[in-house]
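Before any comments, here is the structure.
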Amino acid sequence: MPKDPAPSPDRTTHEDRKAEDEDPAPEPVVETVVETVVEDDLFGEITVRLDSREGEVTVEGESVPRVVLRRAAGTDVADHIPIGTRDGTLLILTVDGEEAVVTPARGRLTRRSYRVDVRHAGHARRLVPDSIPGSRLLRDGRHVGDFSSSGDGRVLVEWREDAGPNATDAALGYALAAAFGTGAQPMWMIAIEMIGDMIPG
């Protein structure tokens with residue numbers, strides 16, 4: 001009976017191995033521009049565009065004003081914030097070309113410290129976390145909608161139709177949610193994590 005053939009010797013040369021070692025693995029592609037089209041229940045098709053590298057969020061649609069939120073050039077970027085900063089002095093917000101005032105809180109221990117306030121055309125709007133994933137939008141203190149965004153530029157919303165949300169509410173809500181993300185942990189959960197970090201492992 002013929003014997004099984006001996007296994008072929010490894011023909012990989014020293015040069016081949018060296019080339020493989022020297023070949024760097026391709027770096028993962030980081031998506032810096034995300035553009036999504038949302039079919040809003042009340043305001044139809046809305047486009048949300050987040051450019052995290054340039055620090056710009058644009059929201060537009062046939063039924064809503066065009067909103068642009070832009071980070072000042074040369075700003076130090078905080079990677080955990082989609083727009084790159086929570087410093088209102090370094091942000092420019094326009095609604096259909098008209099400048100508005102945006103004031104993000106610093107973001108500390110409480111959910112309220114992650115609120116973002118906007119003053120425009122005699123109205124005050126606030127996006128403030130009210131759960132781990134979500135934030136509520138208030139216009140002049142009235143709750144008009146609930147937004148959620150993980151910080152990737154994609155935004156979901158549920159409107160409180162009895163509160164009469166309008167097109168500017170929509171455009172600003174989408175822009176703020178895309179620019180800063182939504183939601184925050186409750187203070188007690190943060191406190192537990194801080195205590196855990198102080199206990200030696």
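The values are calculated or read from the model by the stated rules, or taken from the named source; none is laboratory data. A quick note: this is a predicted structure, and the numbers were derived from the prediction, not measured. As a convention, Cβ positions derive from the backbone with ideal geometry for all residues, glycine included, and neighbour counts pool all protein chains shown.
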Seminar exercise, completed: Reported set for segment 127-147 where residues are surrounded by fewer than 21 Cβ atoms within 10 Å (Cβ to Cβ) and closer than 15 Å to LEU93 by Cβ is none
Exercise. Out of the residues in segment 105-117 that are among the hydroxyl-bearing types (Ser, Thr, Tyr) and not in a loop (DSSP other than H, G, I, E, B), which is nearest to the chain's Cα centre (by Cα)?
Worked result: TYR114
Exercise. What residue, of ARG66, ARG111, is surrounded by 10 or more Cβ atoms within 10 Å (Cβ to Cβ), of a type outside the set (Phe, Trp, Tyr), touching a strand residue (DSSP E or B) at 6+ places or on another chain (Cβ under 8 Å) and modelled with pLDDT under 85?
Worked result: ARG111
For this session: Could you pull out the residue among ARG86, ARG49, ARG70 that is touching an Asp or Glu at 6+ places or on another chain (Cβ under 6 Å) and more than 22 Å from TRP159 (Cα to Cα)?
Result: ARG70
For this session: Test ALA73 against the criterion of being surrounded by fewer than 21 Cβ atoms within 10 Å (Cβ to Cβ) and free of Cβ contacts under 8 Å to residues at least 12 places away in the same chain, and give yes or no.
Result: yes
Exercise. So, in segment 73-104, of the ones that are within 16 Å of the chain's Cα centre (by Cα), of a type in the set (A, V, I, L, M) and assigned to a loop (DSSP other than H, G, I, E, B), which residue ends up nearest to ALA179 (Cα to Cα)?
Worked result: ILE83
